[in-house]
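Here the structure comes first, spelled out in structure tokens, and everything after it is commentary.
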Amino acid sequence: GLVKTKVGLLIVGLSNSGKSTIVARLTKEPVEDVAPTVGFAVETTKMEGLSVTMFDMSGNQKYFTLWQHYYKDTTAIMFVLDAADPHRFAEADAVLQELLKADQLKRVPLLFMCNKMDLVSAAQPADVAAALHLPASSARAFQLQSCSALHGSGIREGMQWLLGQV
Ligand code: GTP
């Protein structure tokens, strides 16, 4: 069959959730240098023998309208949540539901990153699953992954699963 060698990875979530820090982990750049993303940032890296182009979208609400321009090139989605910021779970859920409505993303696998698990205040994955409307894995390939972009834990595991789905 056709072997896919190129992956378009859409990385979305609210501001301050840790998207760019995850990208820095994946591209082996210093995670200390990460600043809020203005608009978006595109970077390509090799992972698991695949060429992965990452569309790191700003989580600032004024840039949400930019996201849709990348849907046509998206073959995998990573949604990042700050698990230590439960006051924004409802807002994150609303953004996630809106994203998953897009026709172009209907069959696209979704990796949901419960980030900042190094913080003692972080909600457990089960609590996150109860607070948000996460898709049933029968509806689309879906995985909930705990991670800490700061410590670099959980990111490889999540990406291995996601790249196995495309
Ligand atoms: P926007 O560009 O505003 O959309 O933000 P972003 O989602 O790209 O977040 P970014 O990677 O800039 O991280 C926001 C802040 O959270 C930074 O101060 C990071 O150092 C911090 N951060 C990211 N990941 C973690 C984590 O796993 N644990 C902790 N404790 N802090 C983290």
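The values are calculated or read from the model by the stated rules, or taken from the named source; none is laboratory data. Because the structure is predicted, anything quoted here is derived from the model rather than measured. Please note: Cβ atoms are built from the backbone with ideal geometry, for glycine as well, and neighbour counts cover all protein chains shown. Calculation scope for accessible area: heavy atoms of the full protein, side chains included, ligands and nucleic acids excluded. Shrake-Rupley method; radii C 1.70, N 1.55, O 1.52, S 1.80 Å.
When the surface is traced with a 1.4 Å probe over the full set of protein chains, GLU91 keeps roughly 70 Å² accessible. Annotation: amide H-H contacts under 5 Å for MET54 (H modelled 1.01 Å from N, sequence separation of 5 or more, or interchain): LEU9, GLU43, THR44, THR45.
Net charge within 14 Å of SER51 by Cβ-Cβ distance, Lys/Arg positive one each and Asp/Glu negative one each, not counting SER51 itself? The partial results should precede the final answer.
Working: positive: LYS4, LYS6, LYS46; negative: GLU43, GLU48, ASP73.
Net charge in that neighbourhood comes out at 0.
The Cα-based radius of gyration and maximum Cα-Cα distance (Dmax) for the chain are 14.6, 47 Å. Computed extension gain for GLU98 through THR45, at 0.36 nm per residue and net of the alpha carbon distance, reaches 16.3 nm.
Here the extension length gained between ASN16 and ARG88 equals 24.8 nm, from 0.36 nm per residue of separation less the Cα-Cα distance. Probing with 1.4 Å while keeping every protein chain in the model, the per residue accessible area of region 6-165 equals 49 Å².
Measuring with a 1.4 angstrom probe and ignoring ligands and nucleic acids, TRP161 comes out at about 50 Å² accessible.
Net charge within 14 Å of ALA131 by Cβ-Cβ distance, Lys/Arg positive one each and Asp/Glu negative one each, not counting ALA131 itself?
On the way: positive: ARG88; negative: ASP82, ASP85, GLU91, ASP93, ASP127.
Result for the local shell: -4.
Each residue of region 119-128 was assigned a 3J(HN,Hα) from its phi angle through the Karplus curve 6.51 cos²θ - 1.76 cosθ + 1.60 (θ = phi - 60°); the sequence is 7, 5, 7, 5, 6, 6, x, 5, 5, 5 Hz, with glycine and proline shown as x.
Here the label points at GLU29 and SER153, each 7 Å from Cα along the C-beta direction, are separated by 2.6 nm in the simple model. Normalised by the number of residues in the chain, the average gap of Cα pairs under 8 Å and 6 or more apart makes the relative contact order 25 percent.
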